[in-house]
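Undergrad: One structure follows; several queries about it will come next.
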Amino acid sequence: MPDWLIAIVLGLIEGLTEFIPVSSTGHLLLVGHFLGFHSPGNTFQVLIQLGAILAITSVYFGRLWGLLTTLPTNPGSRRFVIGILLAFLPAVFVGVLAHDFIKTVLYESPALVCTTLIIGGFILLGLDRMKFEPKHTDVADYPLKTAFIIGLFQCLALVPGVSRSGATIAGALLLKCDKRSAAEFSFFLAMPTMAGAFAYDLYKNIDQLSTKDMGMIGLGFVAALISGVFVVKTVLNFITRHGFAPFAYWRIAVGVVGLALLYIPR
């Protein structure tokens, strides 16, 4: 498969998986591994997230603009923004400290990705089947303490295969948030988290990127933007109707197939 087509395929995968609890990074690393694709410092997988960032920003532009314009006068808007920032901070701290270890060790272990996909799938399945009595159903009303603890859960996603959205959703469910608002809070938290990861990774690796690498990233970015818009527009209604079990089964299946391809002699 030519490199340009691999870039498009990986971009589509990024957009389709970033906002659902299946681990976009895990999928990108596994598909890249089996296709023989490698990016300097695994930077491609992080930088194409810009497409997913723009996808969710475009879909939520009205709400974001409303928050921005009411921030000086509306205490509810200020509290919500502060909550997102509190949830964002733990991943910044841990991500910067562990960046090199994550990129050079964890990202280089497809077996780890498969294992965390499977374990996370069973955890998500268990959470989906538990009967919680939700206390919080609107992301704008999440207490600041709840937002911060969800941010601590997000740090688990620094291990590839865990899933950023999966970790934050799991944390929100355990804190008695309903499924739809848990997914929506994950959307809002994705914006600063992914933007921060993009900026920091570009800063760390820009000297390693060639013109060809930038072209590949551009193709992946466009593909991620297109597929990401589709997912953001449809996934909340899907979760409301079907819960998280379909994503859990998908994670388990991908992890099992990945381990089989890695270890079964061919």
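Undergrad: Any idea how many residues of segment 170-209 are free of Cβ contacts under 8 Å to residues at least 60 places away in the same chain and of a type in the set (Ser, Thr, Tyr)?
TA: Residues meeting the conditions: 2.
Undergrad: Sticking with this structure for a sec: Just wondering, is there one or more residues in segment 75-86 that are open to solvent by 60 Å² or more (accessible area, probe 1.4 Å), within 18 Å of residue 190 (Cβ to Cβ), in a helix (DSSP H, G or I) and among the β-branched types (Val, Ile, Thr)?
TA: Quick first cut of segment 75-86, residues open to solvent by 60 Å² or more (accessible area, probe 1.4 Å) only: 75, 78-79, 82, 85.
Then drop every residue that is not within 18 Å of residue 190 (Cβ to Cβ), which leaves 82, 85.
Now restrict to residues that are in a helix (DSSP H, G or I): 82, 85.
Next cut, among the β-branched types (Val, Ile, Thr) only: 82.
Scanning segment 75-86 turns up at least one residue that is open to solvent by 60 Å² or more (accessible area, probe 1.4 Å), within 18 Å of residue 190 (Cβ to Cβ), in a helix (DSSP H, G or I) and among the β-branched types (Val, Ile, Thr).
Undergrad: Here is a check on your reading of the model: is residue 122 of a type in the set (A, V, I, L, M, F, W, C), without any contact (Cβ under 8 Å) to a residue 60 or more places away in the chain and open to solvent by 50 Å² or more (accessible area, probe 1.4 Å)? Show your work before the answer.
TA: Values: of a type in the set (A, V, I, L, M, F, W, C): yes; without any contact (Cβ under 8 Å) to a residue 60 or more places away in the chain: no; open to solvent by 50 Å² or more (accessible area, probe 1.4 Å): yes.
Taking the combined requirement at face value, the residue does not satisfy it.
Undergrad: Tell me whether segment 128-137 contains one or more residues that are part of a helix (DSSP H, G or I) and either crowded, with 16+ Cβ neighbours inside 10 Å or of a type in the set (Ser, Thr, Tyr) (or both).
TA: From segment 128-137, those part of a helix (DSSP H, G or I) are 128-129; that's our starting set.
Filter once more, so that each one left must be either crowded, with 16+ Cβ neighbours inside 10 Å or of a type in the set (Ser, Thr, Tyr) (or both): 128.
The answer is yes, given that some residue of segment 128-137 is part of a helix (DSSP H, G or I) and either crowded, with 16+ Cβ neighbours inside 10 Å or of a type in the set (Ser, Thr, Tyr) (or both).
Undergrad: Of all residues in segment 90-101, count the ones that are farther than 18 Å from residue 165 by Cα and either of a type in the set (S, T, N, Q) or touching a residue at least 12 places away in the same chain (Cβ under 8 Å) (or both).
TA: As a first pass, look at segment 90-101 and keep what is farther than 18 Å from residue 165 by Cα: 93, 96-101.
Right, trim to either of a type in the set (S, T, N, Q) or touching a residue at least 12 places away in the same chain (Cβ under 8 Å) (or both) and you get 96, 98-99.
Selection size over segment 90-101: 3.
Matching residues to (1) in contact with a Pro (Cβ under 9 Å, 6 or more places away or on another chain); (2) open to solvent by 10 Å² or more (accessible area, probe 1.4 Å); (3) part of a helix (DSSP H, G or I):
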| residue | (1), (2), (3) |
| --- | --- |
| 150 | no, no, yes |
| 165 | yes, no, yes |
| 168 | yes, no, yes |
| 171 | no, no, yes |
| 187 | no, no, yes |
| 194 | no, no, yes |
| 200 | no, yes, yes |
| 207 | no, yes, yes |
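Undergrad: Collect the residues in segment 1-51 that are in contact (Cβ under 8 Å) with a residue 40 or more places away in the chain, outside any helix (DSSP H, G or I) and either on the phi > 0 side of the Ramachandran plot or among the β-branched types (Val, Ile, Thr) (or both), keeping them in residue-number order.
TA: 20, 22, 23, 48
Undergrad: For residue 264, only one of the following conditions fails: (1) within 21 Å of residue 167 (Cα to Cα); (2) surrounded by fewer than 13 Cβ atoms within 10 Å (Cβ to Cβ). What is its number?
TA: (1) is the only condition that residue 264 fails.
Undergrad: Quick one: count up the residues across segment 73-104 that are modelled with pLDDT of 90 or more and farther than 20 Å from residue 151 by Cα.
TA: 4
Undergrad: Could you tell me whether segment 220-239 includes any residue that is among the basic types (Lys, Arg) and under 28 Å from residue 131 (Cβ atoms)?
TA: As a first pass, look at segment 220-239 and keep what is among the basic types (Lys, Arg): 233.
Now drop any that are not under 28 Å from residue 131 (Cβ atoms), which leaves none.
No, segment 220-239 has no match at all.
The values are calculated or read from the model by the stated rules, or taken from the named source; none is laboratory data. Quantities reported herein were computed from a predicted structural model and do not represent experimental measurements. Counting neighbours? That spans all protein chains shown, and the Cβs are built from the backbone with ideal geometry, glycine included. Surface accessibility is based on the protein's heavy atoms, side chains included, excluding ligands, DNA and RNA. Shrake-Rupley method; radii C 1.70, N 1.55, O 1.52, S 1.80 Å.
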